[in-house]
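Inspection log for the structure reproduced underneath, given as structure tokens.
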Amino acid sequence: MMLLASILIVPLSAGLLCLLVQSRRVMQGLNVFAFAATLALGVCLLPEVLAHGAVEEWDEFLRADALSAFMVLLISVVSLATSLYAGRYFERDLAANAVTPGRVREFFVLTPLFATGMFLVVLANNLGVMWAAVEGTALTSVLLVALYNRRTSLEAAWKYVMLGSLGLALALFGTVLLYAAASKDQAERLPSFNWSHLMSVAPELDPRLVKLAFAFALVGYGTKAGLAPMHTWLPDAHSEAPSPTSAMLSGVSLKIALYALLRFHILTTACVDSAFSRHLLLGFGLISMFLAVPFILVQQNLKRMLAYSSLEHVGLICAGIAMNTSLTIFGALLHMGYHALTKPVLFFAAGNIHQTFHTLEFRLIGPGVVKVLPVTVLLMGLAALAAAGLPPFGLFFSELTVISGGIAAGKVTVSVLVLVALIACFCGILQQLTRILLGATKREPASDARPTDGLAAMALLLGALLVFSVWLPSPLLELMRQAAGIIGGKQ
Amino acid sequence: MNMNLPSTTELGSQLITLMAALMLVVQLLMVVQRMLLTNIRLFAIQSLFLGGIAVVVAFVHHASHVYVIAGLTLIGKVVLLPRLLTRLVHRIQIHQEIEPLLNAPASMLVCGGLTLLGYVVARPFTSLERLGNNTLAVAITLLLTGFFLMINRRKAITQVLALLTIENGVMLAAVALTSYGMPLVVELGIFFDVMVAVMVLGILVYRIRESFASMDTSKLNQLKG
């Protein structure tokens, strides 16, 4: 069976089919169906990967190991929730004349294409194809960011595409350098640029070129992953995009860029030694965490605050991987998964609040949203507690795993720094959200409240978060352990 | 026949060096040129040299897939993209003159410095170059001056042009450092991405022009903090 190929073809054809159909209900149905199918395929992929270590298709063009299979599951879940949420969201926007029907069709066409790009990033064996796929996700998502066609969303889209393209040009340079390292002494025939081949010859590659390639890839893919100080597009794009797109951007798109960077990190580790790329990753991770703190504390805009919180989480994932013990890497992967389940809920809730109050400014939303949108606020509150890192939610355990793993490995300073940043963000997020969510209502909503909007999508993600927080099925656990092994260089 | 082979390689290497140098010259002309349409034509000429380099590489190495790459470069970057950009310029009827932040002599001085930097950075790696000397240095210089072009100009469409010259630089590095450029599937992916990128950017430029009645990107300054 062509598992990997179907994971790419299903969303691609769903997106293209949306060009043909007229009914929005059918378009949404196609989206939901496509992502439910990729989720099912991802689950089918799981035992295959566990049994064989890696699955290859199309003459080794596509390849999935434990790390890719894990990412496939994340992309599918978040996209599924997004497409469940998007139908009602855009109906309401259409009723309020915030978008035109043409733009809504654009959303349902581009979202599956965006997801297809992400699937190709994680399934491509060839690192050059991986680059092209990352660029493809940037190009599809930029049109989604500009969907509302407001002045501010055009500004955000322009900054996103310019910074993203610049970053990706540097990443392409890094890719070229890596290819140059691989084509050493092979003047007669075209050397393979496949990941599987590169890993087998990694120790023989020119270390200078590989280091240089990693540096370029770090700045390049790091821009797309939102690492500070290249993150400036991130809050703009996340706040101006429609909420379903913000959820996809924050929930998975950042991690896809991180995945691309990780592939370079693993290769560099196999070629030189891990210290070089680890130190760089750690530096960028810690800077991202600490830079996010003040912006969360003084933020006036709900979605921008959520975007900065994503910056902090990406920083933590980088730091966890950079500490390079099996425990911290495992914790970082756990964190990636839990964060992907949590952050979209917050963005969906922010979308409901935005549509009810017609603003995202904290002072204009005012206190007492709980009276207007009780269900949304309940789910948002739970997700906020999870994102802040309180038990019984998984993010608490993953953060604990990273920190305790760091301390156990003797990296006390780094662990304490991580802990400080986490606590600061914890206070910031909870303080900001209690300000608007709880208390007595002072402002009337601008349009009538529809408290149950998006319930299915939010409940799906939160339910999954709760279940996986207390119980990780053993195949999934094994998959993540293997993925951690790949990142840690113990294949 | 065997006696001829080294001289072909030698000649090819010299041709590549020459054309890479010409790419750099065109880049510097773009830095000082103030008319938008001329800038687009200069980009087409620069891409023509890139395509020429690919043809030489294909000929010297007898690598048929590089002819495909050369063909794509010639069709895409020399004909299609400049035509697309020119149509966009006519469609949105903008003022022809580019208003750079730094004037021409100062820009030239900066680019001179960047060229020097490019050569310094490339120096440890020159032994790795397969064909032509100094091509890596030129590629890095194209990258750096492309960045400079991008920050020195405020019109959205000139920033698109700067991005394209940066991409030209990276492709030159690909030819200079590897045996015959990247594998075909990668080149196809890059080519496709660049075409789509210009279309997406064109759409955005058009929309920005409609909402702001201007293409000046320094007016995109509302989002902060």
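Only the coordinates and a few stated rules stand behind these numbers; no lab work does. The model shown is predicted, which means the values in this text are computed figures rather than measured ones. Here Cβ is always computed from backbone atoms with ideal geometry, including for glycine, and neighbour counts include all displayed protein chains.
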Discussion item. For A:F348, B:F49, which order do you get if you count the other beta carbons within 10 Å of each Cβ and list the fewest first?
Written reply: B:F49, A:F348
Response to the item:
Rounded to the nearest 10, the angle in degrees between the Cα long axis of helix B:4-32 and the longest principal axis of the Cα atoms of chain B comes to 10
Worksheet item: Using the Karplus equation 6.51 cos²θ - 1.76 cosθ + 1.60 (θ = phi - 60°), what ³J(HN,Hα) coupling, rounded to whole Hz, does each residue of the stretch A:421-435 give in order, writing x for Gly and Pro?
Response: 4, 5, 5, 4, 5, 4, 4, x, 5, 5, 5, 5, 6, 4, 3
Worksheet item: How far is it, in nm, from the label point at B:I203 to the one at A:R150 when both lie 7 Å from their Cα along the line to the Cβ?
Response: 2.0
Discussion item. I'd like the mean, over residues of B:139-151, of how many other protein chain beta carbons sit within 10 Å of each residue's own Cβ.
Written reply: 1
Item to complete: Give the span of the stretch A:209-284's Cα atoms along each principal axis, as three whole-Å numbers ordered largest to smallest.
Response: 43, 19, 18
Worksheet item: For the stretch A:118-132, what does the Karplus curve 6.51 cos²θ - 1.76 cosθ + 1.60, with θ = phi - 60°, yield as ³J(HN,Hα) per residue in whole Hz, taken in order and with x for Gly and Pro?
Response: 5, 4, 5, 4, 7, 9, 5, 7, 7, 5, x, 5, 4, 4, 4
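Under the √(5λ) rule applied to the eigenvalues of the Cα gyration tensor, what semi-axes describe the equivalent ellipsoid of the stretch B:149-225? Give them in Å, descending.
After scaling each eigenvalue by five and taking roots: 31, 14, 10 Å.
Determine the shielding of peptide A:127-136 by partner chains: average, over its residues, the number of Cβ atoms on other chains within 10 angstrom of each Cβ.
Mean shielding count: 5.
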Practice prompt. Can you tell me the alpha carbon radius of gyration of the stretch B:1-66 divided by the globular rule-of-thumb value 2.2 N^0.38 Å?
Written response: 1.39
Discussion item. For chain A, take the longest principal axis of its alpha carbons; what is the angle in degrees between that and the long axis of helix A:3-20, to the nearest 10 within 0 to 90?
Written reply: 40
Fill in: Under Karplus coefficients 6.51, -1.76 and 1.60, residue-wise ³J(HN,Hα) of the stretch A:293-300 in Hz, glycine/proline x
4, x, 5, 6, 5, 9, 5, 9
Response to the item:
Going fewest to most other Cβ atoms within 10 Å around each Cβ, A:M289, B:M215 line up as B:M215, A:M289
Worksheet item: Which aspartates and glutamates, on any chain, are close to A:K224 with Cα under 20 Å apart, when same-chain ones fewer than 8 places away are left out?
Response: A:E135, A:E155, A:D236, A:E240, A:E312, B:E167, B:D193
Worksheet item: Which cross-chain or sequence-distant (5 or more) residues have an amide H under 5 Å from the amide H of A:G368, H modelled 1.01 Å from N in plane?
Response: A:L437, A:L438, A:G439
Response to the item:
With N residues in the stretch A:316-458, Rg(alpha-carbon) / (2.2 N^0.38 Å) equals 1.20
Response to the item:
Note to self, chain B gives a 222 nm [θ] from helices alone (DSSP H runs n ≥ 4, -39500 (n - 2.57) apiece, / all residues, nearest 500) of -25500 deg cm²/dmol
Worksheet item: In what sequence do A:W471, A:W195, A:W233 fall when counting other Cβ within 10 Å, fewest first?
Response: A:W471, A:W195, A:W233
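Mean projection of the alpha-carbon convex hull of the stretch B:4-213 over all orientations, in nm²?
11.1
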Worksheet item: Can you give the relative contact order of chain A as a percent, counting alpha carbon pairs under 8 Å and 6+ residues apart?
Response: 16
Worksheet item: Roughly what % of Cα-Cα distances in the stretch A:11-91 sit above 21 Å, to the whole percent?
Response: 38
Worksheet entry | Using a Förster distance of 35 Å, the FRET efficiency for A:V21-A:A96 (Cβ separation, nearest 0.05) | 0.90
Worksheet item: Within 10 Å of each Cβ of A:205-218, how many other protein chain Cβ atoms are there on average?
Response: 1
Discussion item. Over the Cα atoms of chain A, what radius of gyration and what Dmax do you get, in Å?
Written reply: 21.4, 76
